[in-house]
Amino acid sequence: MSRFEAKKPSLCKAEPLTSERVRSTLSVLKGILVSCYGPSGRLKQLHNGLGGSVCTTSQSSALLRNLSVTHPVLKVLTASVQNHVSCFSDCGLFTAILCCNLIENTQRIGLTPTKVIKLNKDLLSFCTSYLKSEACSCRIPVDFSSTHVLLGLVHSILTSKPACMLTRKETDHISALLLKAFLLTIPESTEDRIILGKSIIVPLKGQGVTDSTVLPGLLIEMSEVQLRRLPTRKSSALKVALFCVSLSGDFSNAGEGTVVVPYQVSLENAVLEQLLNLGRQLVSDHVGLVLCQKVIHPSLKQFFSEHHIIAIDRVGVTLMEPLSKVTGATPIGSLNTIASTTYGSVKDLHPARFGSKHFFHLIPHETTVCSLLLCSRNDTAWEELKLTCQTALHVLQLTIKEPWVLLGGGCTETHLAAHIRHKVHNKADDIVKEDGYSRAELRIAAEAFCSALEAVAGSLEHDGGEILIDMKYGHFWSGQAASASVNWPDMLSQCGCGLCNSQEGLSWSSLRSTYHPFAPQTCLSQAAVDSASNLNVDCFTAKLSGLQVAVETANLILDLSYVIEDKN
C-alpha cells in the first residue's frame with residue numbers, strides 16, 4: 001500500500017544538554033520530585049484529559065508510572081529510576097533527585113564530559129568502599145534478636161509517605177503489624193538456604209487503620225451465601241486438591257482445528273461425566289477441600305457437597321502461588337488421573353468475618369504465608385498505604401541478605417559528603433597520582449559531587465527553614481529560619497536520624513555556605529542506637545543501589561552527544 005505522506009527524516013540533535021529546553025524540562029522534573037521528598041513532602045495529583053482514575057501520591061513508583069515524559073533524555077532518567085524501584089522498592093526519589101543534581105552541578109563546573117564521568121566514577125567508588133567498610137560511621141548493624149532497629153526502618157518508610165494519612169498511633173500499629181507479618185514468613189526450620197514465605201495484603205476499606213490485623217495462613221474472600229452453603233465439619237486437618245484448570249465443563253478452544261463428535265453423543269454430558277469421574281477419584285483419595293482458580297460446574301459442586309467435600313472456586317490467579325505454599329499442593333492442570341503427590345493439606349479452616357466482608361480462613365501446618373488485613377478510611381489512602389506496606393515488606397527481606405541500615409533523615413548524605421571532602425582535601429596528591437587528573441579538577445568535581453549529595457538532604461526541608469550540618473558527626477539538621485546570631489542549641493532538638501541531640505556541645509554550619517573540611521566522627525554506640533526514641537534509618541541495599549544508579553545514569557546522560565528521533 002502506497003504512503004499518503006512522504007516519510008519525514010529523523011530529527012538529529014547534537015549535544016542535547018546544551019539545549020535550554022532540555023535544561024528547563026529537567027529542572028521542572030527535578031522540582032516535582034524534590035517537592036515530594038520526605039515526611040513533609042507535598043502530594044501530587046495525576047490524571048489525564050481523557051478521564052480515568054486519579055492518582056494522589058508522593059511515591060516515586062506511582063509518580064513516574066503516571067507521569068507523561070516525552071523527551072528522550074528524561075526518558076532515560078525515569079526508566080533508570082523505575083528499574084531501580086522495581087528491584088528494590090525504596091529510595092526512588094533519592095535516586096532521581098541525586099541524578100538531577102549531579103547533571104546540573106557538573107554542567108556548571110566547566111570540565112569536559114569525559115573528565116567529569118571519570119571523576120564521578122572514582123568518587124562513587126570512594127562512597128561505596130566507605131559504606132561497605134567496617135569504619136563506616138553512618139551504617140548500623142541490624143540485630144534480629146531485637147525489634148528496635150527493624151521497627152525504626154519500617155516506621156521511617158511509613159512516615160515518609162504523607163498520602164497514607166496516618167496518625168502517630170496508626171503508624172506505630174501498622175509498623176508492628178508489618179514486622180509481625182515479615183517474621184511470620186521466615187520458616188522455623190532452616191537449612192542452607194532460607195526460602196521466605198509470602199505476606200498477602202487483603203483490602204478492607206472503610207474501616208479505621210487500627211482495625212488492621214495479621215493472621216497466619218490465608219484469607220479467601222467470599223459472599224455470606226457461599227459460606228452458608230459450605231458443609232459443616234469438625235475442626236481437623238484436610239487433604240487439599242488445587243486446580244489451575246477450569247472445572248466448569250466448558251469445551252476448550254480448538255483453535256483452527258475441527259472437533260468431530262460421533263452421532264447421538266452429547267458433548268456436554270461427556271464432559272460432565274469426565275468431571276464426575278474426577279470427583280469420584282477425589283472422594284476415593286479422601287480429599288476434603290477442593291480449591292479451583294476458575295469455575296466449578298454446579299453439578300460437580302453438588303457432588304462434592306453430598307460427599308462432604310468443601311469446594312471453593314474463582315480464587316483467581318493471584319492466590320495460586322500462596323495457596324500452593326500454604327497447602328503444599330501442586331496445581332493440577334488437567335482432568336486426567338491425579339497423582340497422589342499433587343495433593344497437599346491444611347491444619348484447619350473456618351469462616352471469618354471482618355467488617356462487612358466474609359472470608360474463608362486456611363490455617364497451614366507451618367506458617368510461612370500470612371494475611372495482612374489492611375484497613376483504611378478511603379480508597380486513595382488505602383492504595384498509597386498498600387504500596388507503602390509492600391515497600392516495607394520488601395525492604396525487610398533485603399535486610400536479611402545485608403543486615404545493615406543507613407542513617408536516615410539526610411544524615412547519610414551529609415556525612416558522606418563530609419567524608420569525601422576530607423578525603424579529597426587530605427589525600428588529593430595520592431588520588432591524582434593514581435588516576436591522572438589534576439588536583440584542581442579533582443577538587444572541583446568533588447565539590448560538585450558533595451553539593452549534589454547535600455542538596456538531596458536539603459530537599460527534606462519544605463518550609464523555608466535553615467538546613468545545617470554539625471561539624472563533629474556530619475549529620476543533617478533543620479530548623480526554623482533565623483538570624484545569623486541565633487543560638488542553635490536552643491533552636492534545634494535532634495538531627496535527621498534522631499541519634500544526636502543539640503545539647504552535646506556541637507557547632508553547626510549552613511549547607512548553603514562552604515565549610516572547612518573535617519573528619520566526621522561516629523556516634524553509633526549501641527547505647528545511642530538503643531536509646532533513640534525517634535530512630536530514622538534507610539535500607540542499606542536500596543540506598544547503596546540508588547547511589548550507584550544515580551551516578552551511572554547521570555554519567556550516561558552527560559555522555560550523550562546526539563539524540564536521534566524518528567518523527568514518523
Can you name the residue in region 331-359 that is surrounded by 14 or more Cβ atoms within 10 Å (Cβ to Cβ) and not in a strand (DSSP E or B) and, of all such residues, is modelled with the lowest pLDDT?
-> L335
Scan region 160-182 for residues that are closer than 17 Å to C539 by Cα and either in a helix (DSSP H, G or I) or of a type in the set (V, I, T) (or both) and report the count.
-> 4
Inside region 443-469, can you point out the residues that are more than 21 Å from K427 (Cα to Cα) and of a type in the set (V, I, T)?
-> V456, I467, I469
Only residues that are under 18 Å from K132 (Cβ atoms) and at pLDDT below 95: list them for region 360-401, please.
-> I400, K401
Please specify each residue of region 127-137 satisfying the condition of being in a helix (DSSP H, G or I) and open to solvent by 40 Å² or more (accessible area, probe 1.4 Å).
-> S129, K132
Might you check whether a residue that is crowded, with 16+ Cβ neighbours inside 10 Å and under 32 Å from the mean Cα position of the chain (by Cα) occurs anywhere in region 298-306?
-> no
Do the conditions hold for L183, that is, is it more than 27 Å from V549 (Cβ to Cβ), open to solvent by less than 60 Å² (accessible area, probe 1.4 Å) and not polar (S, T, N, Q)?
-> no
Kindly indicate whether any position in region 548-557 is of a type outside the set (A, V, I, L, M, F, W, C) and over 28 Å from the mean Cα position of the chain (by Cα).
-> no
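Working carefully through the options S525, S533, find the one that is touching a Gly at 6+ places or on another chain (Cβ under 9 Å), open to solvent by 40 Å² or more (accessible area, probe 1.4 Å) and closer than 22 Å to H475 by Cβ.
S533
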With S509, S451 as the choices, which residue is open to solvent by less than 60 Å² (accessible area, probe 1.4 Å), hydroxyl-bearing (S, T, Y) and under 30 Å from the mean Cα position of the chain (by Cα)?
-> S451
Can you pull out the residues in region 67-118 that are in a loop (DSSP other than H, G, I, E, B), farther than 23 Å from V154 by Cβ and either open to solvent by less than 10 Å² (accessible area, probe 1.4 Å) or among the small types (G, A, S) (or both)?
-> S68, G110
Sole exception among (1) closer than 22 Å to D538 by Cα; (2) in contact (Cβ under 8 Å) with a residue 60 or more places away in the chain for L64, by number | (2)
Some residue of region 44-52 being farther than 20 Å from E454 by Cα, touching a strand residue (DSSP E or B) at 6+ places or on another chain (Cβ under 9 Å) and in a loop (DSSP other than H, G, I, E, B) | no
From V456, V529, residue being assigned to a helix (DSSP H, G or I), under 30 Å from L33 (Cα atoms) and touching a residue at least 24 places away in the same chain (Cβ under 8 Å) | V456
Extreme residue, farthest from the chain's Cα centre (by Cα), among residues of region 307-330 that are of a type outside the set (D, E, K, R) and part of a loop (DSSP other than H, G, I, E, B) = H307
Here the qualifying pairs (Cβ atoms under 7 Å; residues six or more apart or on different chains; first in region 371-385 and over 23 Å from K44 (Cα atoms); second part of a loop (DSSP other than H, G, I, E, B)) come out as S371/G217; L373/S212; L374/S212
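Which of the residues belonging to region 138-159 are assigned to a loop (DSSP other than H, G, I, E, B) and either open to solvent by 10 Å² or more (accessible area, probe 1.4 Å) or more than 26 Å from P520 (Cβ to Cβ) (or both)? Steps first, please.
As a first pass, look at region 138-159 and keep what is assigned to a loop (DSSP other than H, G, I, E, B): 138, 142-147.
Those that are assigned to a loop (DSSP other than H, G, I, E, B) and either open to solvent by 10 Å² or more (accessible area, probe 1.4 Å) or more than 26 Å from P520 (Cβ to Cβ) (or both): V142, D143, F144, S145, S146, T147.
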Could you tell me whether region 484-496 includes any residue that is within 18 Å of D538 (Cα to Cα), in contact (Cβ under 8 Å) with a residue 60 or more places away in the chain and in contact with a helix residue (DSSP H, G or I) (Cβ under 9 Å, 6 or more places away or on another chain)?
-> yes
For residues that are touching a helix residue (DSSP H, G or I) at 6+ places or on another chain (Cβ under 8 Å) and charged (D, E, K, R), scanning just region 384-416, find the one that is farthest from G355 (Cα to Cα).
-> E413
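The values are calculated or read from the model by the stated rules, or taken from the named source; none is laboratory data. Since this is a predicted model, take the numbers as computed values, not measurements. We place every Cβ from the backbone using ideal geometry, glycine too, and count neighbours over all the protein chains shown. These accessible areas exclude ligands, DNA and RNA; they are computed on the full protein's heavy atoms, side chains included. Shrake-Rupley method; radii C 1.70, N 1.55, O 1.52, S 1.80 Å.
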